[in-house]
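None of the figures in this text is laboratory data; all of them are computed from the coordinates on show. No experiment lies behind these values; they were computed from the predicted model shown. Note: ideal-geometry Cβ built from the backbone for every residue, glycine included; neighbour counts use all protein chains shown.
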Amino acid sequence: MNDSSSSPLRPNGARPAAPHIIGIGGTTRIGSSSEAALRYTLALLAEMGASTELIAGPLIDLPMYDPADAHRSPGARRLVQAFKKADGVIIATPSYHGALSGVIKNALDYVEDLRSDSRPYLDGRGVGIVVTAHGAQALGTTLMGVRAIVHALRGWPTPFAATLNAQHKPFENGLPANAEVAEQLRTVADQVYRFARAQQMLREGDKLAPARAAAGS
Ligand SMILES: Cc1cc2nc3c(=O)[nH]c(=O)nc-3n(C[C@H](O)[C@H](O)[C@H](O)COP(=O)(O)O)c2cc1C
């Protein structure tokens, strides 16, 4: 019988594992709008077929990153492992004084612990960014700052990012208050998911290339 799911890259029709997408963000305050945005975006990714992991609230309340101290708190170790395992990342931050919050920046500094990893820093990961602020100016400056950080970490910021004006109350009972907010978050989720899938297929192709070359195909 012809297996229609087979391809030269997947001879047995096996599909790669679901991409693992982690979400980091919010504030130490439970129920912040940036945390609501993060939870909703991860729920969309789970619907698309990703496995997801939320790192928010107390989980981002970490000691200041110290490159000279090899000791890591349990929370910091968990965060670094989550980054290591991730095929894609969502970062959701409020704007504090025109930039990302210090809590989120500190958490991102822990990616330094992956500098010698086989996939160093955020190499090969698509990164979706969500910013909340009380005004358009801070939404723009914060987004540009987070994109610069993601580039420094060798990640791939998605072309679209969600910028949510907290003055317009973007969430009600933890869900998008209107279609525009929902659509922004769906676009971010979709771009992160597709990029993670594309990267998985490239890695799979790289693994099979020597066997295909040896078989002369
Ligand atoms: C310390 C601090 C600084 C802030 N600075 C700005 C700012 O520069 N521009 C702005 O539009 N909003 C600013 N805000 C408002 C937050 O961005 C806004 O409350 C937040 O996006 C709401 O999201 P949250 O519910 O996740 O906290 C600031 C809030 C705090 C607590």
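If Lys and Arg each add +1 and Asp and Glu each add -1, what is the summed charge of the other residues whose beta carbon sits under 12 Å from the beta carbon of D123? Don't skip to the end; give the middle numbers.
Numbers: positive: K84, R115, R119, R125, R154, R203; negative: D87, D117.
Surrounding charge for D123 is +4.
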### Task
Using only Cα atoms, find the angle between the long axis of helix 136-152 and the longest principal axis of the chain, and express it within 0 to 90 degrees, rounded to the nearest 10.
40
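Grab the alpha carbons of region 167-217, take their convex hull, and tell me the volume per residue in Å³.
Details: hull volume 4.3 nm³, N = 51.
Cα-based convex hull of region 167-217, divided per residue, equals 85 Å³.
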### Task
Considering only DSSP beta bridges where both residues belong to the chain, give the percentage that are antiparallel (nearest 5).
15
### Message
Give me the one-decimal nm value for the distance between modelled label points at D206 and N106, 7 Å along each residue's Cα-to-Cβ direction.
### Response
3.4
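What number does region 14-80 give for Rg over Rh if you use C-alpha atoms and the Kirkwood radius? Write down the numbers at each step before the final one.
Details: Rg = 14.4 Å, Rh = 13.4 Å.
For region 14-80, the value is 1.07.
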### Task
Work out from phi, with θ = phi - 60° and the Karplus expression 6.51 cos²θ - 1.76 cosθ + 1.60, the ³J(HN,Hα) of each residue of region 18-23, listed in order in whole Hz, and give x for Gly and Pro.
4, x, 9, 10, 9, x
### Query
Hey, what did the chain get for relative contact order, percent, Cα under 8 Å, at least 6 apart?
22
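Stokes-Einstein at 25 °C, 0.890 mPa s, Kirkwood radius from Cα pairs: D for the chain in µm² s⁻¹?
Numbers: Rh = 18.2 Å.
Rounded to a whole number, D works out at 135 µm²/s.
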